[in-house]
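Engineer: Quick one: the structure is below, and I'll ask about it shortly.
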Amino acid sequence: MLTYMKVKNVALIEEVELTLSPKLNIFSGETGAGKSMLIDSIQFAIGNRSSKQMIRKGEEMASVALCFIDYIGIGLEFLKEHEIPFEENEIILERTIYQTGRTVYKINGAITTRQIVKSLSELLIDVHGQHEPQALLDISSHIRLLDSFGEKSFQEEKETYKKLYERWQEVKASLNKIGDNDRKKLQLKDMLSLQIQEIKSAKLKKDEEEALKEQYDILSHAEKIIMQCQKAYEFLDGESEVSSSIMLGKAIHALQDISNITSEINSLYEQLLSIQAELQDATYQIRRFVDDVEYSPELLLEIQNRLDLIYRLKQKYGSSIEEILAYQKECEKELEELEDGEHNKEKLEEELKILEQKLEQVAMHLSDSRKQIAREIEGAIDDHLHDLQMPHAKFEVAIDELETFNSYGKNDVEFLIRTNLGEDLHPLSKIASGGEISRVMLAIKTVLVLGDTINTVIFDEIDTGISGLAAQKVAEKLALIGKDRQVLCITHLPQIAAMGDSHYLIEKSALENKTTTHLKCLEVPAIHEELCRLMGGMISESTLQSAAELKNRANVFKQKLS
């Protein structure tokens, strides 16, 4: 049950805090006052899609908090499964959206995801929008509505069917792929074999290209490298009197005789010895490098050809040797799949046969269950339609058997109705008026809600197209639901408003160039004044008396229910 809600900076709402009745809560107000914003705020909090456009102009963020008391415990079990903390039986859903577009969801103060919020809210609250009756005109929605009456075992069987159906589609798609044109498959096999052979014959190594490039650079400059290294060698260790090694040796000899006089001279002497060792090592390396470098036009051409081969392969198969080798593995895998195609085909055909047998069995059970559900609800919906001033209405669920599987089984479902005595049953979409559609939807929802475990139900302008005695009957139906469930209802009809256990007025005001929506809980005589407005707008002694009589009749009806 929704006990409390707080809305901040949503559209025209600056800030609204609301404590709700456990029974029938009525919301009324002038057209455009912002009644839909209240429902939009609830939809926002429970994870429905939204955007930053809902943030009140000039504000940085919008937020909605909903506080539920879960007497049944089904929501608390969900929190335990997802390791979300809670105290006693309270569940608080919060959502905040910022101008940056960032959205934050919380459950009992713990940050969570949109999907978890949506899954939890489906156990706590059911919202029936003002355009939902029109969904009855869409035949494809009928099977979903019928299935919503199914109990837990039926829903579990539907989930089993769904998994089988998804795998069945995957297997069929794989078989279709295997069954492509044989000529194309042969062409593909030949192409893959040639590409694999071309890469294999190259015998590529991962770091080969860099090593080849370095070797190529050395060979292509071999003469210059040898000449310059020989010069450097002569300067360092040549026979000339001015070579570095001879001059350094003389310097070391000069310091040797005085190296024991002071520590500073000794340090310099040791430093020169170290330099001499490094110089000898560098000289040796130069000499060895010169000896290793051998100018060979044949080897240079061989390396050039190898680099050209690698370049051509890179143009075809990847930007590096690693990518070429990876491409080779992909080709080998694809070729293996093609070669194993016939074997895979046999396995998949066998799996498809088994899946179809299982699907047939589950679909048959679902069909039988749907027929049973339909028989159970048809009479109950008829009873509610009769109460809603459709005394000769007859509601029927037509369930057709299909030749092939679909996502629901092997059924097509369509709602049929007869609204007048002596007429035949016809598709609901072709016979019902707007007011009749609203009443049919209310009858369906009444049966559904009273058989469900969800404690909070919202009806957004369920009274569309209804007036007179039918409006009174709709009001009584909402009071019936409100006897065992918490109901939030936005309405324009005085008969429905009079049934409320709590009545909230939504108003809009303009102040300092800003428009703001306000909400207040009404008490008598303010309720009578609002009923007068709903009845025609004039507030007089006679209309106030009529409003009081309407409210009293509603109270008497609710006392009889209890």
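Engineer: Can you go through 523, 530, 507, 549 and tell me which one is at pLDDT below 90 and either under 30 Å from residue 54 (Cα atoms) or not polar (S, T, N, Q) (or both)?
Structural biologist: The match here is 507.
Engineer: Restricting to the stretch 419-438, what's the tally of residues that are in a helix (DSSP H, G or I) and under 20 Å from residue 398 (Cβ atoms)?
Structural biologist: The number of residues fulfilling the criteria is 6.
Engineer: While we're looking at this one, here's another question. Note down all Cβ pairs under 8 Å where the first residue falls in the stretch 317-342 and is acidic (Asp, Glu), the second is surrounded by fewer than 14 Cβ atoms within 10 Å (Cβ to Cβ), and they're at least six residues apart or on different chains.
Structural biologist: Every condition considered, the pairs that remain are 322/206.
Engineer: It is to be established whether one or more residues within the stretch 160-173 are without any contact (Cβ under 8 Å) to a residue 40 or more places away in the chain, surrounded by fewer than 13 Cβ atoms within 10 Å (Cβ to Cβ) and outside any helix (DSSP H, G or I).
Structural biologist: No - not one qualifying residue is present in the stretch 160-173.
Engineer: Next question, about the same structure. Just give me the residues in the stretch 194-235 being surrounded by 14 or more Cβ atoms within 10 Å (Cβ to Cβ) and closer than 14 Å to residue 328 by Cα, in sequence order.
Structural biologist: Within the stretch 194-235, 195, 196, 198, 199, 202, 204 qualify.
Engineer: If residue 93 satisfies all but one of (1) buried (at least 21 other Cβ atoms within 10 Å of the Cβ); (2) assigned to a helix (DSSP H, G or I), what's the number of the condition it fails?
Structural biologist: (2)
Engineer: Checking the structure you have, find out if any residue of the stretch 2-16 is modelled with pLDDT under 90 and outside any strand (DSSP E or B).
Structural biologist: Yes, some residue in the stretch 2-16 is modelled with pLDDT under 90 and outside any strand (DSSP E or B).
Engineer: Which count do you get for residues in the stretch 27-84 that are among the charged types (D, E, K, R) and closer than 25 Å to residue 119 by Cα?
Structural biologist: Adding up the residues that qualify gives 8.
Engineer: Which of the residues spanning the stretch 454-493 are in contact with a Cys (Cβ under 9 Å, 6 or more places away or on another chain) and outside any strand (DSSP E or B)?
Structural biologist: 461, 462, 463, 478, 482
Engineer: Could you check the stretch 535-546 and list, in sequence order, the residues that are assigned to a helix (DSSP H, G or I) and either modelled with pLDDT under 90 or of a type in the set (S, T, N, Q) (or both)?
Structural biologist: 535, 541, 542, 543, 545, 546
Engineer: Taking into account only those residues within the stretch 447-462 that are under 19 Å from residue 383 (Cα atoms) and either buried (at least 23 other Cβ atoms within 10 Å of the Cβ) or among the charged types (D, E, K, R) (or both), which is nearest to the chain's Cα centre (by Cα)?
Structural biologist: Within the stretch 447-462, the match that is nearest to the chain's Cα centre (by Cα) is 452.
Engineer: Here are some conditions: (1) over 30 Å from residue 74 (Cβ atoms); (2) at pLDDT below 90; (3) surrounded by fewer than 17 Cβ atoms within 10 Å (Cβ to Cβ); (4) not acidic (Asp, Glu). Residue 483 meets all but one. Which one does it not meet?
Structural biologist: (1)
Engineer: Further question: Scan the stretch 104-116 and tell me whether some residue there is within 24 Å of residue 489 (Cα to Cα), among the small types (Gly, Ala, Ser) and in contact with a strand residue (DSSP E or B) (Cβ under 9 Å, 6 or more places away or on another chain).
Structural biologist: no
Engineer: Could I ask something else about it? Where the second residue is charged (D, E, K, R) and surrounded by fewer than 14 Cβ atoms within 10 Å (Cβ to Cβ) and the first is touching a residue at least 40 places away in the same chain (Cβ under 8 Å) and lies in the stretch 212-228, which pairs have Cβ atoms under 8 Å and are six or more apart or on separate chains?
Structural biologist: 222/294
Engineer: Further, regarding this structure: Just give me the residues in the stretch 324-350 being touching a Lys or Arg at 6+ places or on another chain (Cβ under 8 Å) and within 30 Å of residue 406 (Cα to Cα), in sequence order.
Structural biologist: 341, the sole residue that qualifies.
Engineer: Report whether or not residue 86 is free of Cβ contacts under 8 Å to residues at least 60 places away in the same chain, over 24 Å from residue 460 (Cα atoms), among the aromatic types (Phe, Trp, Tyr) and part of a loop (DSSP other than H, G, I, E, B).
Structural biologist: Yes.
Engineer: Name the residues in the stretch 352-377 that are surrounded by 16 or more Cβ atoms within 10 Å (Cβ to Cβ) and either in contact with a Cys (Cβ under 8 Å, 6 or more places away or on another chain) or within 18 Å of residue 440 (Cβ to Cβ) (or both), would you?
Structural biologist: 373, 374, 377
Engineer: Run down 26, 116, 107 and say which single residue is closer than 23 Å to residue 481 by Cβ and at pLDDT 90 or above.
Structural biologist: 26
Engineer: Output the residues belonging to the stretch 63-82 that are under 21 Å from the mean Cα position of the chain (by Cα) and assigned to a loop (DSSP other than H, G, I, E, B).
Structural biologist: 82
Engineer: Would you point out which residue out of 531, 544 is aliphatic (A, V, I, L, M), surrounded by fewer than 20 Cβ atoms within 10 Å (Cβ to Cβ) and more than 42 Å from the chain's Cα centre (by Cα)?
Structural biologist: Result: 544 is the single residue among 531, 544 that is aliphatic (A, V, I, L, M), surrounded by fewer than 20 Cβ atoms within 10 Å (Cβ to Cβ) and more than 42 Å from the chain's Cα centre (by Cα).
The values are calculated or read from the model by the stated rules, or taken from the named source; none is laboratory data. Bear in mind that the values here come from a model prediction, so they are computed numbers and not experimental data. Methodologically, a virtual Cβ is constructed for each residue, glycine included, from the backbone with ideal geometry; neighbour enumeration extends over all protein chains shown.
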